[in-house]
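The values are calculated or read from the model by the stated rules, or taken from the named source; none is laboratory data. Being a predicted model, the structure only gives us computed values, none of them experimental. We place every Cβ from the backbone using ideal geometry, glycine too, and count neighbours over all the protein chains shown. With ligands, DNA and RNA removed, areas are computed over all heavy atoms of the protein, side chains included. Shrake-Rupley method; radii C 1.70, N 1.55, O 1.52, S 1.80 Å.
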Amino acid sequence: MSEIAFIGLGNMGGPMAANLVEAGHTVRGFDVVKEAQDKAAASGVEIAATAEDAVAGAEFVFTSLPNGALVTQVLDAILSAHPEPRLYIDLSTISVAEARELATKVNQAGSGFLDAPVSGGIAGAAAGTLAFMVGGEAEDVAKARPLLEVLGKSITHCGDHGNGQAVKACNNMILAVHQIVLAEAMVLGERLGLQPQAFFDVVSNATGNSWALSVNAPVPGLVENSPANRDFAPGFAAALMLKDLRLAMQAAEDTSTATVLGAIAAEQYAAFVDEGHGGLDFSAIINDVRAKKEKK
């Protein structure tokens, strides 16, 4: 069993840390939010006073934080306090450039670094069914794999440092576009007199099927665990989708890649979040589609 530090015990990090404890590992965690600390402690995570305290003696350090600037701040403090070699595994969604800069910094300090963003949302974190897309050295991926297998059902080594973030940006750009066009199609069907169940029964078994429909259907009653059944309480919040789309658009700009549909999706989610809906599941974008009508 391993000694693990887990920095960031929020909606994603908390359940992941709990699953590592359940698997028999010793986990010391830190979060700035008292509620997150208390919830993690109830699941067996040892709560440290600081991130640096959590890392003392740990062989592996997981970070699950809101943005790249915070990951950099935390890792700078840890590397200064604890320069001993260990493996850092960042589960956050940050930019490709930030991941590569962090990898260089950590490697120069004598430790290993993996960027390992996740897909699967809060439900996947709790169930241990996340998908990990991992960038870094193959040797480090092999070391981390037994722990990642506790947390997820799919672990894919995507290549060099930053490639995990690259896949995450591409994947979520696809997902955002899918969710929007699904919303448009469902609203069009409604206005043509088509019942949502009939739409679902056909499209979920036809060429228009997608995760956005079969798992995250934005109409209540079609899929058992869809956020639509809970007034769009988030599995993956619209504000987080917007964050990921902005990372994808930055990557597109950096690589001179035309992402026409991705840019439209980013604009639409930006407007949706600006209207105050950032805390809803990103599938709630169907409400935005319903509220707008094509000018004749």
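Odds and ends about this structure:
- Charged-residue dipole, Cβ positions (Lys, Arg, Asp, Glu), the chain about Cα centre, Debye nearest 20: 820 debye
- Relative frequency of Cα-Cα separations exceeding 37 Å in the chain, percent: 18 percent
- Calculated [222 nm] ellipticity per residue, helices only, for the chain: -15500 deg cm²/dmol; basis is -39500 (n - 2.57) per DSSP H run with n ≥ 4, divided by all residues, nearest 500.
- Direction-averaged projected area, Cα convex hull, region 76-200: 9.4 nm², rounded to one decimal.
- Ratio of the Cα radius of gyration of region 1-42 to 2.2 N^0.38 Å, where N counts its residues: 1.02
- Heavy-atom surface analysis with a 1.4 Å probe gives the chain a carbon and sulfur content of 56 percent of its accessible area.
- Over the chain, accessible surface divided per residue gives 46 Å², non-protein components excluded, 1.4 Å probe.
- Degrees, to the nearest 10: 163-191 long Cα axis against longest axis of the chain: 20 degrees
- Cα-based equivalent ellipsoid, region 141-296: semi-axes from gyration tensor eigenvalues, Å: 29, 20, 15
- Taking the DSSP bridge list for the chain and keeping only pairs wholly inside it, about 15 percent are antiparallel.
- The mean sequence distance of close C-alpha pairs (under 8 Å, at least 6 residues apart), as a share of the length of the chain, puts its relative contact order at 13 percent.
- Entry note, region 1-158: relative contact order of 20 percent, from Cα contacts under 8 Å with a spacing of 6+ residues.
- Enclosing the Cα atoms of region 210-290 in their convex hull gives a volume equal to 90 cubic angstrom per residue.
- Nearest 10 degrees, 0 to 90: helix 13-22 Cα axis against the chain principal axis: 60 degrees
- Cα centroid separation - region 204-262 against region 123-186, whole Å: 14 Å
- The chain: angle of helix 68-81 to the longest principal axis, Cα-based, in degrees nearest 10: 10 degrees
- Counting only Cα atoms, the size of region 1-141 along its three principal axes is 37, 30, 28 Å, in decreasing order.
- For region 1-72 versus region 269-291, the spacing of their alpha-carbon centroids is 31 Å.
- Pairs over the 29 Å Cα-Cα cut-off, from the set LYS168/LYS293; LYS39/LYS292; LYS153/LYS292; LYS39/LYS105; LYS105/LYS243; LYS34/LYS143: LYS168/LYS293; LYS39/LYS292; LYS153/LYS292; LYS39/LYS105; LYS34/LYS143.
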